Amino acid sequence: MNPVPHTVITNDNRPLKIVASGILDHCSPQDEDTAIPQRQIDLCHQWLSRATLKSPPQFNSFWVKHVVENWAGQEISNGALIVAAFEAGFEIAKPKDEAGPSVSIGLDSTDLREFDCGCGHP
């Protein structure tokens with residue numbers, strides 16, 4: 001049985017289906033590797049509970065997930081961060097014409113600098 005993807009709503013009211021890698025592309029086959037471990041979502045919630053909401057969304061979820069990984073000391077999926085950010089009330093953006101599995105998240109840059117791993121992400 002295939003896991004059911006999570007759904008988040010963008011700031012322009014579009015639903016996006018989210019799996020572990022990020023946005024589920026309707027052209028890609030869904031398989032058992034798409035499940036998002038609840039433990040990863042919970043860790044993202046812990047980190048996000050100390051973060052500040054900021055608009056407009058400007059930080060790439062894939063980059064932010066690296067910051068959370070550095071803080072948590074373990075792997076976090078892009079999808080876990082997206083789901084947790086949406087559930088925590090952070091604004092999510094994804095231009096309709098932008099490809100890729102990541103979204104932009106509305107975080108304050110101060111929160112990111114505090115836990116940045118220094119790996120050169122934008």
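At a glance:
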| item | result |
| --- | --- |
| Search result, residues across the stretch 70-116 that are touching a residue at least 60 places away in the same chain (Cβ under 8 Å) and on the phi > 0 side of the Ramachandran plot | 100 |
| Residues of the stretch 37-62 classified as among the aromatic types (Phe, Trp, Tyr) and farther than 19 Å from residue 16 by Cα, total | 1 |
| Helices (runs of 4 or more DSSP H) wholly inside the stretch 3-112 containing at least 1 residues that are touching a strand residue (DSSP E or B) at 6+ places or on another chain (Cβ under 7 Å) | 61-72, 78-87 |
| Residues being surrounded by fewer than 24 Cβ atoms within 10 Å (Cβ to Cβ) and out of contact with any Gly (no Cβ under 9 Å at 6 or more places or on another chain) - total across the stretch 69-82 | 6 |
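Since every read-out is calculated from the coordinates, none of them should be taken as a lab result. Just so you know, these numbers come straight off a predicted model, no measurement behind them. Virtual Cβ from ideal backbone geometry, glycine too; neighbours counted across all protein chains shown.
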